[in-house]
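What follows is one structure encoded as structure tokens, with my remarks underneath.
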Amino acid sequence: MKLFGKKVLILLAGTMLAFTGGCGTQESSTTPQPKANGQSEQLNVFSFVQQAADSYLKKPAESIAADEIFEKMILNYDPSYFIVDVRDTAAFAAGHIEGSVNIPYSMTADPNQIANLPKDKKILVICFSGHTASQTAALWNMLGYDAVPMVNGMGGWTSDANLGTPLPHTPFDFPVETTETIAGNYDFPAPASKQYTDEAAAILGSADDYLKSGLPPIMKPVDIQESIKNKSNGLLLVDLRPAKEYAAGHLPGAINIAFESLAELEQLKKLSPENKIVLIDHDGTMSSKAARILNMLGYEAYVMKDGMRVWTSNEVINGIKPISNIKVKNYPVKQLNTKLETETGAASCG
């Protein structure tokens, strides 16, 4: 196992997240800052992140399943892969995929940690549920790495609820509609106050600001349904699936923006900086990548946890097998049992 050094654990005590990595349970009460007319140079952060994000989203969306990692890394070890676990230190120590290293989710924008990542390998990112791993993969890809999240996180690797977020057993079968909702036209978010000299610094800085904000990454389907039912929310629902799947059925009031075009300037104008944005896809993987990008651009974005597969059991509508058809594996995990291993291993949170 490649080790990142003792300094990670020293930093960890002061950098724990306000939410359990990848498994936030409710929307934040934080409201977006009011718009301001910034000077032209203040657009640097938005411009740097937007261009890097648009380039990244134009590439095929990648994810990897637990059984494929088991095949490649446990049964037939493939040295071209590198596993990074972004859960918290205690969860990593209690059980992780053999050969993985541990970086805290809260530290995934730390240049010192990122410098240890290999650029000549495909990085497999693991978290509790797949959501924060997807966010992390988006950031690292924008920085030039080849990072891929594991769908469902450790919740798809093991049934041990202490190691991963258990998958729901059945879909909610909440209402859907087929009527298209027309998007609005909005200004971009207020310019960032911080200035950066290059693209990489802007990307890392905006990501670090988001991580330090403490905003949870997800919103539960039941909370979204309650908001829709009461018509008392400030949510902007954005379905990232292909137009054909959106037309077959989507959350009431959701607009449609294809995942690969989300960071285009004309598409970003459809998003209100004054609303909480909830992103929706098949299983939450693409939405999590998109949420990281939008938050770095100055929006307040969340992911509908587990995607359309938990909203409805209709495969024609959700575009993917419903959650009830997914069988959780019980693949082996490795534990850190000694004080020496814990002190010298890398840490995590996500």
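The values are calculated or read from the model by the stated rules, or taken from the named source; none is laboratory data. Note that this is a predicted model, so its numbers are computed, not measured. Neighbour counts are summed over all protein chains in view; Cβ atoms, including those assigned to glycine, are modelled from backbone coordinates with ideal geometry. Side chains are part of the model used for accessible areas, which takes the heavy atoms of the whole protein and leaves out ligands, DNA and RNA. Shrake-Rupley method; radii C 1.70, N 1.55, O 1.52, S 1.80 Å.
Some notes on this structure:
- Apart from one condition, V238 fits all of (1) farther than 18 Å from M304 by Cα; (2) not in a helix (DSSP H, G or I); the exception is (1).
- In region 66-94, the residues that are within 18 Å of G130 (Cβ to Cβ) form Cβ pairs under 7 Å with partners that are among the charged types (D, E, K, R) and assigned to a helix (DSSP H, G or I), at six or more places apart or across chains, as follows: Y81/K72.
- For beta carbons closer than 6 Å, sequence separation of 6+ or different chains, a first residue in region 143-160 that is more than 11 Å from S63 (Cβ to Cβ) and touching a residue at least 24 places away in the same chain (Cβ under 8 Å) and a second that is open to solvent by 10 Å² or more (accessible area, probe 1.4 Å) and part of a strand (DSSP E or B), the qualifying pairs are D146/K122.
- First in region 326-347 and part of a loop (DSSP other than H, G, I, E, B) and of a type in the set (S, T, Y), second anywhere and at pLDDT 50 or above and open to solvent by 60 Å² or more (accessible area, probe 1.4 Å), Cβ under 9 Å, 6 or more apart: Y331/D67
- In region 249-275, the residues that are in a strand (DSSP E or B) and buried (at least 23 other Cβ atoms within 10 Å of the Cβ): H250
- Reported count of residues in region 272-291, each being within 14 Å of I255 (Cα to Cα) and in contact with a Phe, Trp or Tyr (Cβ under 6 Å, 6 or more places away or on another chain), is 3.
- Residues located in region 118-176, provided they are buried (at least 24 other Cβ atoms within 10 Å of the Cβ), in a strand (DSSP E or B) and more than 14 Å from the chain's Cα centre (by Cα): none
- Test for G184: is it of a type in the set (G, A, S), out of contact with any His (no Cβ under 9 Å at 6 or more places or on another chain), more than 24 Å from K269 (Cβ to Cβ) and open to solvent by less than 50 Å² (accessible area, probe 1.4 Å): no
- Any hit, region 204-218, residues being in contact with a Leu (Cβ under 6 Å, 6 or more places away or on another chain), open to solvent by less than 30 Å² (accessible area, probe 1.4 Å) and modelled with pLDDT of 95 or more: yes
- Boolean, S313 is surrounded by fewer than 17 Cβ atoms within 10 Å (Cβ to Cβ), at pLDDT below 95, over 21 Å from the mean Cα position of the chain (by Cα) and not basic (K, R): no
- Counting residues in region 44-63 that are in contact with a strand residue (DSSP E or B) (Cβ under 9 Å, 6 or more places away or on another chain) and at pLDDT 95 or above gives one or more.
- Test result for S193, open to solvent by 30 Å² or more (accessible area, probe 1.4 Å), within 24 Å of A93 (Cβ to Cβ) and either out of contact with any His (no Cβ under 8 Å at 6 or more places or on another chain) or not in a helix (DSSP H, G or I) (or both): no
- T285 falls short of the stated requirement of being at pLDDT below 95, open to solvent by 10 Å² or more (accessible area, probe 1.4 Å) and within 27 Å of L75 (Cα to Cα).
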